[in-house]
Structure formats: C-alpha cells, structure tokens
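Before any comments, here is the structure.
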Amino acid sequence: MKNNRNQRLKERLLELLSFSIVAILFIYTNDRMGNDLSIGIITIIIGVAGFIVYLKEWISNRIIKGIIFSVFLLSIMVFFLGDIWFYRYYSTPITSYMWMQKSNLNGLGESIFSMMEIKDAIFLLAGIPIAESFVKKKYPLKHMALVPAVIFLMIAGLKPVKNIFIDKVDITRRYEANTFLRNWGPIGHHALDAYAYFTDSGRDEMSSEEKKAVSDYFNKKKRKENAHSGSLEGKNLIIIQVESLQAFPLFQTSAGQEVTPFMNELAKGGLYFPHVYPQTVFGNSSDGELIVNTGLFPLKQGATFFRFPYNDFPGLAKELKKSDYQSFAFHGDEEDFWNRQHAYPSLGFDDYLSIEDMKQDEMISMGLGDRSFFNQSYDFLKDKQNPYYAFFVTLTSHVPFSLPKEQITMKPEVGKENNYLTKYFEAIHYTDSAIGDFVRKLKDDGKLKDSVIVIYGDHDGLFLKDKHKVEAYYGSKISDEEWIEKYMPIPVIIYQEDMEGRTIDKVAGQIDILPTLYDLFDIKSTSYFGESMLDGEEGDALILKGDYGSQMKVNGEGKVEGFSPEDQKEIDLSDQVIRSDYFKKIEKEVKKEDD
C-alpha cells in the first residue's frame, strides 16, 4: 500500500513538474512576453497546474476524466499558444474583444503560420504525462488529494491576494492588456479580461455636461491659414492606404535599385511628411481607415468597425458630399474583413468594391494582388464624373511578405536573399510598382491634373520585436530610441501636378492627416481631433498601445514622454464620442429644435 502511494505521488509530481516547467520555459523563451515573467506569475502557473493535477484524483470515471482533460488542454492551447502567436505579431495578448473579429481569420493562414516557431512544439510535451494519467484505470486516492489540491489553490492565489490587498489593484478598472498580463499572468489576464468584457455596458449615455465638453473641444478649433490652404479645393481626392508601409524604405536602395522608385518621385514632387506615427490600436488596418476618414482616435478596447459599425461618423466622405462629390472605397479582400461592409456606409461611402466584385486573376497571400486590384479598380473609376473621392486599401505587402517568384522584381543585396527585411522590401517594391501603373493610367487619360494623390501607411510592418532582423540586414545595432525615431514612422505623401515639392519634417500622427486635407480642400468642419500638419506649429504624436509597451507620446523633437492630462483628455473624449454615438445624438437634438 505504501509503495502504491509513493508511486502515485511520483506520478503527480511528474505531471506537475512537466506542465509547470515547460509552461514557464515556453513563456520565458517567447519574445517580450517573457520579459514580464515574475515570481507571482510563476506561482499562479504552478498553483493552477497543481490544483488540476490533484483535483482529478476525485474523479474515477475515465470518460469524465477524458472530457476534463480535453477541456483543460484546449484551454491551455488557447491561453498560451494563442497568446504567444498573437503576441508575436501584435505585441499584446488576445482579449475578449478579439473574438468579435473571428471572421478576420479567413485568409490569414499564411500570416498565422509565419508566427509559429519549432520551439512551440515543446509546449505540447507537457500534456503527455497528464494525458496518460487522466485515462489510467486506478482508484483515486481522495484522502491524499484534498490537502495538496487546496495547497496549490492557495499558491495560485498568492499573486492575486497581493495585488488586491497589498498593492490595492482595482480589478474593476479597465487596464491595458499588457498590464493585465504583468499583474495576473496569462490565466489571470483572460479571467479578468472576460470579467471586464461582460461588465462593459457597450453604448454610453452622455450627460449634458459631457456633451458640452465635446462640443467645446470641437468649437474652439480654429484653422491657421497658410500658403496651401484651399489650394486643392474641387479636385478629385484619391487616398491610398498602403499595407505595412513604413517611411524608412523610401529613398532606400537594394543592390543599387530603389525600393520605392514611384513613391520617391511623388514625395519629391509633392508634400512629403516622413515623421508621421501610426496610431492604430486593436483594429489594425481598419483603425487607420477610421482615423484618416473621420479624424477620431480608435477605441481603446476592441476594433471600432466591429463594436460600433453603424455609428453616425463625421468625416471626409460626408463633408465632400456637401460639394457634390461621389465617394468610393476599394479593397482586394473579402467585404466582411474588418466588418467593412457595414462600417463603410457609416463613413459616407456611396459604393464599396471588394474581391467579390472583382476577377480573382492574381491571388497573392491574403487576397487579390495589388496590381490586379488597381487595374480593376481603375476600370470602375475611369468613367466616373468629377469630382469624386476614391479610397484604396492595398493588401499584398501584408505579413509574411510572401510574393510569388514571378512577381519579385527587386534585386536583393548579395548574401541577404533570405533576410526578413529583404522580403519586406520586395513586397513594398511590388506595391510601389502597382501604384505607379495606376497613377500613370490617370496621367495618360488626362485625369491626373484634376486629382490629388494621398499615400500613407496603415501601420508598421516591422516592429520593435523585429529589430534584430533589421540589425542583421544592416550589420549594426539599433537602439530603442533610434528605432522609434527612424523606423517606427509611416510616410504621408500628398501629390498634385501643380505643387512644388516640399519635405515637412514635423512630428505628427495619423490623426493629423484629415485636418491637413480639410485645410487643403477648404473644408470648414472642426469636428475632429488632431491638427493640420501645415499649421507651422510644433507637432507630436500620441501612441495608444502596442509594440512599444503602454501608451506614449512622441514630442516635437522625436523624444518619448508620457501623456499629459490634456493628451489623455483627448483620447478619452474621442472614446466617448464613439461609444455614445455623439454625432447621431446631436443630429437628433438639432432636428427636435427645428421641429
């Protein structure tokens, strides 16, 4: 009997150690997620593992044990593997709001696969001894299991107890996901995140004081006239949001060949802003579309296009419609990707063409190749009457930057053929060429003289976590400060044939693109956040989350600092505007007054 007990004790110890050690090593060896690994998080992992191992001793039915094990393993797969893969790309763990975006998984297989690493397989080894013990025909030693189960449950609770009773952490407060992860570990993060999700009331009601605060903010804005103000009024507006485009590939060469020859040409002949920072959050590309089209910051939690697609948004399309513009949106992916089929009409677009409306003759990675995308979009656009607003969202330069060999036209540097940065340059070079073909068609048909071309990047394609890959390409170390200043910004190009070329070295954010276009097109509305990049004032950029830790501000000198109370007020006001559907409420109140 004693030998039997000792054997069972050894088995439980093996199960506990195999799971705990592998889980801890797995998290610790995976990118920045391991940087926040603390003694508290380790105790949570060991405590939960021990509790599960000994709790099963109370279950004698093999089928029930098998079900419990299946649920347990699936949960671990979702919590740990899912978090790691998601973290590698977005530098944040999965949140409950991400499940609202599950339709976005369509076509992302290659991108997801690129986030996997061979070392991930070691994590699955943790389940082998546990799986074996769950289906063994042995009588449970209930009297031996109770005390260890309770002890391990107490161990798991050490960190939460410290957080709540000693550090006085408010578990009802909506923290940024990485803060949840640091304080509670992967399991605690998901538990508290789920609590926050289900207690979120969704739509906010605004008091009269809150409405006044928003209206006061918008009403105090005044445009500062400059040499460019109103200079583009009445022109067709063509905006191209380029997938994963950062500023540093512009004017770069590879084996003597320019990476972005056409965008370089436009940048030299138009207004070029090389220090604009991406401000996307959990909506990624769709957040870029929201910011540029509405002048609103994206939500702090979840993707705006999924959470509030039917809002009455202000913005470019609606303001231009007052001057008899037609508005069209184009994208080479499925229409429901990022819920665009519902969000775009709310932005004021008259028509939206997606891959379902196009011939699928050049499929690359996630969807229609950019060259075919622009060719077919031009066929739709060429017969439209002036003036119009056309908004394009490219796709081919999406992670993992995988082009078919026949589409690669850029020469790699010798010895760097398989470098990650080389693949990025190849993808950007392809998209640059596709844009060039499109704009040259406009010129050949005599339409370019009546049009304005705006190009910007939606978000970074290479993040701080990819710094070592860029260092390997250039053969030199890059500090975090240099990365933020040189590699993080996206470019903004505003081109019209009659313009004089000018580079404006002003720090700005994507939120400043819409006010700049309002300035150039002489649009009087002040219902936006941000400022015109042509106002002559020193700028800054508020970074809301992500790869660089928690939120931060890049000041006019390119240095990082924290948010001021005024900065936080802007973000909170924008969040409130979206969550309350402020503009729809104001419109209803105006109608009541008119009646």
**Request:** Please go through segment 432-459 and pick out each residue that is in contact with a Lys or Arg (Cβ under 9 Å, 6 or more places away or on another chain), outside any helix (DSSP H, G or I) and closer than 20 Å to Leu245 by Cβ.
**Result:** Val452
**Complete:** Exactly one of Asn339, Asn386, Asn375 is over 28 Å from Phe463 (Cα atoms), part of a helix (DSSP H, G or I) and in contact (Cβ under 8 Å) with a residue 60 or more places away in the chain, and that one is Asn375
**Request:** Looking only at segment 351-371, decide whether some residue is touching a residue at least 60 places away in the same chain (Cβ under 8 Å) and assigned to a helix (DSSP H, G or I).
**Result:** yes
**Item:** Filter result for Thr253 (more than 19 Å from Gly509 (Cα to Cα), of a type outside the set (A, V, I, L, M, F, W, C) and buried (at least 22 other Cβ atoms within 10 Å of the Cβ))
**Value:** no
**Failed criterion for Met358 (all others in (1) modelled with pLDDT of 95 or more; (2) touching a Lys or Arg at 6+ places or on another chain (Cβ under 6 Å) hold)** = (2)
**Criterion (surrounded by 19 or more Cβ atoms within 10 Å (Cβ to Cβ), β-branched (Val, Ile, Thr), touching a residue at least 24 places away in the same chain (Cβ under 8 Å) and not assigned by TED's automatic domain parsing to the domain that holds Ile84) met by exactly one of Thr526, Thr503, Thr431** = Thr431
**Request:** Report yes if some residue within segment 480-491 is out of contact with any Leu (no Cβ under 6 Å at 6 or more places or on another chain), within 18 Å of Leu237 (Cα to Cα) and basic (Lys, Arg); otherwise report no.
**Result:** no
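The values are calculated or read from the model by the stated rules, or taken from the named source; none is laboratory data. These figures come from a predicted structure and were not determined experimentally. When we count neighbours, we look across all protein chains shown, and the Cβ atoms used for this are built from the backbone with ideal geometry, even at glycine.
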